[in-house]
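The values are calculated or read from the model by the stated rules, or taken from the named source; none is laboratory data. Just so it is clear, the structure is predicted and the values come from calculations on it, not from any experiment. When we count neighbours, we look across all protein chains shown, and the Cβ atoms used for this are built from the backbone with ideal geometry, even at glycine.
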Amino acid sequence: MKLFRSIVELQNELFEVRKEGKSVGLVPTMGALHEGHASLVNRSVAENDVTVVSVFLNPTQFNDQGDLDRYPRTLDADCALLEQCGADYVFAPSVEEMYPTKDNRHFEFPPVTTVMEGAHRPGHFNGVCQVVSRLFYIVRPDRAYFGEKDWQQIAVVKALVRYLGLKLQIVECDTIREADGLAKSSRNTLLAPDERAIAPKIYSALKAGKEYGATHTLKETHDKVVADINAVDGLEVEYFSIVDGNTLQEVESWDDSQYIAGCITVYCGKTPIRLIDHITFKE
Ligand code: AMP
């Protein structure tokens, strides 16, 4: 496995790779890697001749400086995990390398960029599109791997690929969870033990909501999930949106769509740490 910090050096290497007719998979990450990331890398390794994993804590997608400052940085451990997974190249550029000048591009793909995370984290998806488009131009992958953990992000990235007119496949990967159901996340390491103990209640409430939804209206189900989570001392729901899985628009009844998902954001603990999760109600 080779580590690159320079765009030009990585591109020189990939030029040779492509000359041999090899396929390239890209897994974009922000580091502090865990088994969720590893599952994306494993899949890319299985499906491509060569896998590039980017490890770049992208400042332009953070709308909260404290969140960026707190974000764990563990490049040595990340490289050890990636080596185990069989990744070929790690691309870990500095902020100056990725953004030699301020990125003034503005991406908006309503409605997928404006609802849910788009509404609650202004500028977040613009930053995601800036970094992902730049990674796509640099690496020119045949396939790029994204986790359903960041459910809305996949819809945004697909809209970006359509807009840029790139020939590349977006591969959606299942959410990997802890044994107690908590979705694995780099931010989980920031949870104090008492916070870590209550965080799994988010997914258990979503699962209970799915069962409850089989015999109750969408609104009753929505309200029960929110009430169950808010009843836990230390958890507070920011939003819970039950949406059409394709348009990401809120639906009012279970009959409104064949594909319905619930996306939730919860503040956990005193800091607080912002956790996101999702569940499919109908597919
Ligand atoms: P991040 O480093 O948080 O930007 O995540 C990099 C990629 O890994 C994104 O496509 C995420 O959706 C994906 N990812 C993060 N956590 C998980 C998880 N628990 N299961 C599956 N994929 C994940």
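Are any residues in region 21-32 more than 19 Å from residue 154 (Cβ to Cβ) and touching a residue at least 24 places away in the same chain (Cβ under 8 Å), and if so, which ones?
First pass over region 21-32, keeping only residues more than 19 Å from residue 154 (Cβ to Cβ): 21-24, 31-32.
Hits for region 21-32 are 22, 23, 24, 31, 32.
Looking at region 146-164, which of its residues are within 14 Å of the ligand (Cβ to nearest atom) and of a type in the set (Lys, Arg)?
Matches in region 146-164: 149, 158.
Checking the structure you have, find out if any residue of region 68-88 is without any contact (Cβ under 8 Å) to a residue 12 or more places away in the chain and within 13 Å of the ligand (Cβ to nearest atom).
yes
So, in region 178-206, how many residues would count as being basic (Lys, Arg) and away from the ligand (no atom under 16 Å from the Cβ)?
1
Specify the residue that is farthest from the ligand (Cβ to nearest atom); the eligible residues are those in region 19-37 that are surrounded by fewer than 16 Cβ atoms within 10 Å (Cβ to Cβ) and part of a helix (DSSP H, G or I).
The initial filter retains those residues of region 19-37 that are surrounded by fewer than 16 Cβ atoms within 10 Å (Cβ to Cβ), namely 19-23, 35.
Pick out the ones that are also part of a helix (DSSP H, G or I) and you get 19, 35.
On the way: 19: 29, 35: 7 Å.
The qualifying residue farthest from the ligand (Cβ to nearest atom) is 19.
Among residues belonging to region 193-243 that are small (Gly, Ala, Ser) and assigned to a helix (DSSP H, G or I), point out the one that is surrounded by the most Cβ atoms within 10 Å (Cβ to Cβ). Can you show your working first?
We begin by selecting, within region 193-243, every residue small (Gly, Ala, Ser); these are 197, 199, 204-205, 208-209, 213-214, 227, 231, 234, 241.
Now narrow it down to the ones that are assigned to a helix (DSSP H, G or I): 197, 204-205, 208-209, 213, 227.
Values: 197: 12, 204: 15, 205: 27, 208: 15, 209: 25, 213: 22, 227: 11.
Among residues in region 193-243 that are small (Gly, Ala, Ser) and assigned to a helix (DSSP H, G or I), the one surrounded by the most Cβ atoms within 10 Å (Cβ to Cβ) is 205.
Of all residues in region 59-82, how many are touching a strand residue (DSSP E or B) at 6+ places or on another chain (Cβ under 9 Å) and within 21 Å of residue 10 (Cα to Cα)?
Going through region 59-82, the residues touching a strand residue (DSSP E or B) at 6+ places or on another chain (Cβ under 9 Å) turn out to be 64, 67, 70, 75, 78-79, 82.
Checking the rest, the ones that are also within 21 Å of residue 10 (Cα to Cα) come to 75, 78-79, 82.
Here the count works out to 4.
Might you let me know whether region 262-277 holds any residue that is farther than 23 Å from residue 66 by Cβ, under 17 Å from the mean Cα position of the chain (by Cα) and surrounded by fewer than 16 Cβ atoms within 10 Å (Cβ to Cβ)?
no
Which residues, counting only those in region 91-129, are surrounded by fewer than 18 Cβ atoms within 10 Å (Cβ to Cβ) and among the hydroxyl-bearing types (Ser, Thr, Tyr)?
Once the filter is applied, which keeps residues that are surrounded by fewer than 18 Cβ atoms within 10 Å (Cβ to Cβ) and among the hydroxyl-bearing types (Ser, Thr, Tyr), region 91-129 yields 94, 99, 101, 114.
Where in region 51-168 are the helices (runs of 4 or more DSSP H), entirely inside, with at least 3 residues that are under 29 Å from residue 182 (Cβ atoms) and at pLDDT below 95? Before the answer, list the steps.
On the way: elements: 65-70, 75-85, 95-98, 117-120, 124-139, 151-164.
Result: 65-70.
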